[in-house]
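Note sheet for the following structure.
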Amino acid sequence: MPDLSGQVCIVTGSTKGIGRAIAEALADAGAHVVVSARTERDVSETAGALARRGFGSILGVRCDVRRPADCDRLVARTVERFGRLDVLVNNAGVGYFAPVDEMSVEDWKSQIETNLDGAFCCARAAAPHMKRGGGGWIINIGSLAGRNAFAGGCAYNASKFGLIGLTEAMMLDLRYDNIRVSVIMPGSVNTEFRGREVAPENAWMLQPEDVARAVLDLVAYPANAHVSRVEMRPSQPPRK
Ligand SMILES: NC(=O)c1ccc[n+]([C@@H]2O[C@H](COP(=O)([O-])OP(=O)(O)OC[C@H]3O[C@@H](n4cnc5c(N)ncnc54)[C@H](OP(=O)(O)O)[C@@H]3O)[C@@H](O)[C@H]2O)c1
């Protein structure tokens, strides 16, 4: 595990599932971690639980990434408290699935605003502070759905395909400022995403901790090396 003592990390959507596992892993590696999501009570509970693990300092900030002002505030509160920002993990995401002619405009917008606009707004707010601090990491949690379209996935696929384009363009914008931008693209992960249950029969799926491990692996690379895209999948999904 890398030693992230003194590093300051924001994880969006970090009260549950993959985001929470990433926040826990960063905290266990010694980082100061900012946890955030829309539900205030979950943010407080998660921040308290992480603080009790006893490593770096933990800050909880309520943030709906669909609101640009919330993204600005998330980054501003982080820099006020810790004086710097080293790692931003854009993890907050939702998925509503329906054929294109049954997808409501509201659900379309909510997915694009959360999964794509949110990552842009948080990165836009974070990059100047990373530049000032001499560099950093922006890690976007994409999906294999950002490469493989499927029926019913019009909004989710569009948001995750878009996130790959955003990642690659930001990588080129920021590389000479020593900011490395990457996308991690998991297949099925055992979380409550889409109202699923976390259940023992889902042990074949990737676990949230597997994705967290990929985040720690990325930030452990020396400054000359940049792993820009990570595809992850369950090694033995049920045979069809
Ligand atoms: N699970 C999978 O199979 C899978 C596979 C590939 C990729 N992914 C991606 O991984 C990421 C995390 O998914 P997950 O499975 O861990 O989902 P999850 O268990 O449903 O957790 C989602 C987290 O995001 C927060 N969130 C949702 N909307 C938000 C918003 N507008 N602003 C801020 N926070 C928000 C939720 O808290 P609140 O509701 O309180 O805001 C929660 O903390 C997503 O980007 C997803 O697309 C998931």
Practice item. Could you grab me the full set of residues in region 25-45 that are more than 8 Å from the ligand (Cβ to nearest atom) and either among the small types (Gly, Ala, Ser) or buried (at least 22 other Cβ atoms within 10 Å of the Cβ) (or both)? Key: Ala25, Leu26, Ala27, Ala29, Gly30, Ala31, His32, Val33, Val34, Val35, Ser44
Revision key, fill the gap. For region 193-225, the count of residues that are in a loop (DSSP other than H, G, I, E, B) and closer than 29 Å to Asp86 by Cβ equals 7
Point to revise | Odd one out for Val198 among (1) at pLDDT below 95; (2) more than 11 Å from the ligand (Cβ to nearest atom) | key: (2)
Exercise for review: Quickly run through region 143-199 and pick out the residues that are aliphatic (A, V, I, L, M), closer than 28 Å to Gln236 by Cα and buried (at least 16 other Cβ atoms within 10 Å of the Cβ).
Suggested key: Ala145, Ala155, Ala158, Leu163, Ile164, Val183, Ile184, Met185, Val189
Check your understanding: Considering region 144-158 alone, what residues qualify as being on the phi < 0 side of the Ramachandran plot and part of a loop (DSSP other than H, G, I, E, B)?
Key -> Arg147, Asn148, Ala149, Phe150, Ala151, Gly153
Review point. Of the residues that sit in region 199-233 and are in contact (Cβ under 8 Å) with a residue 60 or more places away in the chain and over 16 Å from the mean Cα position of the chain (by Cα), which one is farthest from Asp177 (Cα to Cα)?
Key: Arg233
Study note, to complete from the structure: Only one of Ala98, Ala76 is outside any helix (DSSP H, G or I), in contact (Cβ under 8 Å) with a residue 40 or more places away in the chain and among the small types (Gly, Ala, Ser), namely Ala98
Review point. Quick one: is Ser228 of a type outside the set (A, V, I, L, M, F, W, C), modelled with pLDDT of 95 or more, under 24 Å from Asp86 (Cα atoms) and surrounded by fewer than 17 Cβ atoms within 10 Å (Cβ to Cβ)?
Key: yes
Check your understanding: Looking at region 1-24, which of the residues that are of a type outside the set (A, V, I, L, M, F, W, C), within 16 Å of the ligand (Cβ to nearest atom) and not in a helix (DSSP H, G or I) is farthest from Arg84 (Cα to Cα)?
Key -> Lys16
Practice item. Quick one: in region 73-85, of everything that is among the charged types (D, E, K, R) and within 15 Å of the ligand (Cβ to nearest atom), which residue is surrounded by the most Cβ atoms within 10 Å (Cβ to Cβ)? Key: Arg77
Practice item. Only one of these is touching a Gly at 6+ places or on another chain (Cβ under 8 Å) and of a type in the set (S, T, N, Q): Asn178, Asn224, Asn190. Name it. Key: Asn178
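The rows are residues; the columns are (1) surrounded by fewer than 20 Cβ atoms within 10 Å (Cβ to Cβ); (2) part of a helix (DSSP H, G or I); (3) more than 14 Å from the chain's Cα centre (by Cα); (4) within 12 Å of the ligand (Cβ to nearest atom).
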residue: Val61; (1), (2), (3), (4): no, no, yes, yes
residue: Cys71; (1), (2), (3), (4): no, yes, no, yes
residue: Gln111; (1), (2), (3), (4): no, yes, yes, yes
residue: Ala119; (1), (2), (3), (4): no, yes, no, yes
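The values are calculated or read from the model by the stated rules, or taken from the named source; none is laboratory data. Bear in mind that the values here come from a model prediction, so they are computed numbers and not experimental data. Cβ sites come from the backbone with ideal geometry, for glycine too, and all protein chains shown count toward neighbours.
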